[in-house]
1. I need the calculated FRET efficiency for the pair Ala154 and Asp344, taking r as the beta carbon distance and R₀ as 45 Å, to the nearest 0.05.
2. Could you compute the net charge surrounding Leu366? Neighbours are other residues with a C-beta less than 14 Å from the C-beta of Leu366; K and R count +1, D and E count -1.
3. Please state the equivalent ellipsoid semi-axes for segment 328-384: what are the square roots of 5 times the Cα gyration tensor eigenvalues, largest first, in whole Å?
4. State, as an integer percentage, the relative contact order of the chain based on alpha-carbon contacts under 8 Å between residues 6 or more apart.
5. Using a 1.4 Å probe on the protein chains only, how many percent of the accessible area of the chain belongs to carbon and sulfur?
6. Given the Cα-Cα distance of Thr67 and Ser364 and 0.36 nm per residue of separation, how much length would full extension add, in nm?
7. To the nearest 20 debye, what charge dipole does segment 328-384 have about its Cα centre, counting +1 at the Cβ of each Lys and Arg and -1 at the Cβ of each Asp and Glu?
8. Find the accessible area per residue for segment 1-89; the probe is 1.4 Å, ligands and nucleic acids are left out, and the unit is Å².
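The values are calculated or read from the model by the stated rules, or taken from the named source; none is laboratory data. Predicted model, so just to flag it, every value in this text is computed and none were measured. Neighbour counts are summed over all protein chains in view; Cβ atoms, including those assigned to glycine, are modelled from backbone coordinates with ideal geometry. Protein only, heavy atoms only, side chains kept; ligands, DNA and RNA dropped before computing areas. Shrake-Rupley method; radii C 1.70, N 1.55, O 1.52, S 1.80 Å.
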Amino acid sequence: MIYDVIVLGGGPVGCFAARLLAEKGLSTLVVEEHEKIGLPARCTGLIGDEAFRCFLLPEEAVERSVTSLCAFGPLGTSVQYAADCVLARVVNRPHFDALLADSARRCGAQIMTGSKVSAVSASSNDCAIAIEGGKIFRSRSAIIASGGRSNLTAKLGLGRLKHFIWGAQAEVAFADAEEVEVYVGRTISPGSFAWVVPASPGRARVGLLSYDHPRERFFSLLNDHRIKPRLRETPTPVIAPIPMGSLSRTVSNGVVVVGEAAGQVKTTTGGGVYFGLLCANIAVDVLTQALEEDDLSSERLSVYDERWRALLSKEIEAGLRLRRFARYLSDEAVASLMNFAFNDEIMGRSAPFFSFDWHAQIISRLAKEMPRRLLARGIKALSAS
Ligand SMILES: Cc1cc2nc3c(=O)[nH]c(=O)nc-3n(C[C@H](O)[C@H](O)[C@H](O)COP(=O)(O)OP(=O)(O)OC[C@H]3O[C@@H](n4cnc5c(N)ncnc54)[C@H](O)[C@@H]3O)c2cc1C
């Protein structure tokens, strides 16, 4: 059989793309290396409410709705943000992914687990996908949705993601976790942040993003006086890299790259599910038309590259600029920055620009409002780094 599309990788983005393709009547196969969709879990499961409003997503996997968050800075600073609407949902990622796969199956997609893709070759009229063990599957086109650590894009001459940050996290029995908590400061993770996200009752996901020593920083977070007394077990973290920046090309003849494999990630927070879903939606739209026209050349598919970058490049770049600025700031500067950003007057003026998922506008707004001396401290720290 020659499939219309083979999707390489059965994460949330691959399964979602497969569902959209199958809904359009295209013969679709998903190939996933792990035996079970959704496992191993490496995600906090915090997904902005906008994703649930935009797309039909599995509500059954939602553990909580988030309406407020509390940020704890260095030198005793802390601020609370409470919204009058749901900002985000906390999902159980293994369950979320498995339900997305089920819905793709129900629409007609085939999902083959326990099958690692070892080689891919693609031209504008034929793709050959080799599975470890020797089987080869053929299709008219392929979607690479194999996540940020995969080497499949390099095998197709599309290069590799270059820059990463580490995520380290564990789900634990945890007391008194009622809202999302964010921790910043050099002792936590210079230029980055840690979190406590309440999950099912009595449990929370505790983790951090860091540029270095993720394991050591994770265990030192567990010893923090605001965390340790509430921990009810000593966890082992999962540690995984998250791309910070996108691939320079995300199409070639017969192929498009989506999700974390393309670097479609919020560079501020490391969240990748919603941006990946948005891009999968664009990819399916472009691929469907290209299949109808029987033109799967990279020139035809480059519309996908243009459309997703028009949507996300500004966000990805703004997050990277913020990270470069924050990375070398002293704790005093971070505390002053928090006091500045969360002051009532600035909050009032910035509120219309706040979005759980879209950060470029609020970043540029705050940069414009920032007192010159604070801006100068950031620039000085950056040039001394
Ligand atoms: C600690 C941590 C916390 C996070 N928290 C959040 C969060 O709260 N919210 C959020 O939005 N994002 C979060 N993320 C990021 C999020 O997990 C990813 O952005 C998201 O999973 C990307 O989805 P994807 O489908 O593109 O890739 P993946 O989820 O990585 O799926 C890719 C799939 O491809 C499979 N695969 C890879 N290579 C092959 C191969 N050769 N053959 C067959 N199959 C293959 C993999 O097994 C995997 O199942 C977090 C990440 C980390 C590390």
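1. On the way: r = 50 Å, r/R0 = 1.11.
Step by step, r from the Cβ atoms, then E = 0.35.
2. Details: positive: Arg321, Arg349, Arg365, Lys368, Arg372; negative: Glu345, Glu369.
In short, +3.
3. Values: eigenvalues 90, 32, 19 Å².
Working through the eigenvalues yields semi-axes of 21, 13, 10 Å.
4. Numbers: 838 pairs, mean separation 68.1, N = 385.
This gives 18 percent for the chain.
5. On the way: 8690 of 16790 Å².
C and S atoms contribute 52 percent here.
6. Details: separation 297, 0.36 × 297 = 106.92 nm, distance 2.43 nm.
Extra length from Thr67 to Ser364 when fully extended: 104.5 nm.
7. On the way: 7 positive and 6 negative charges, 64 e Å.
Dipole size: approximately 300 debye.
8. On the way: 3780 Å² over 89 residues.
Value for segment 1-89: 42 Å² per residue.
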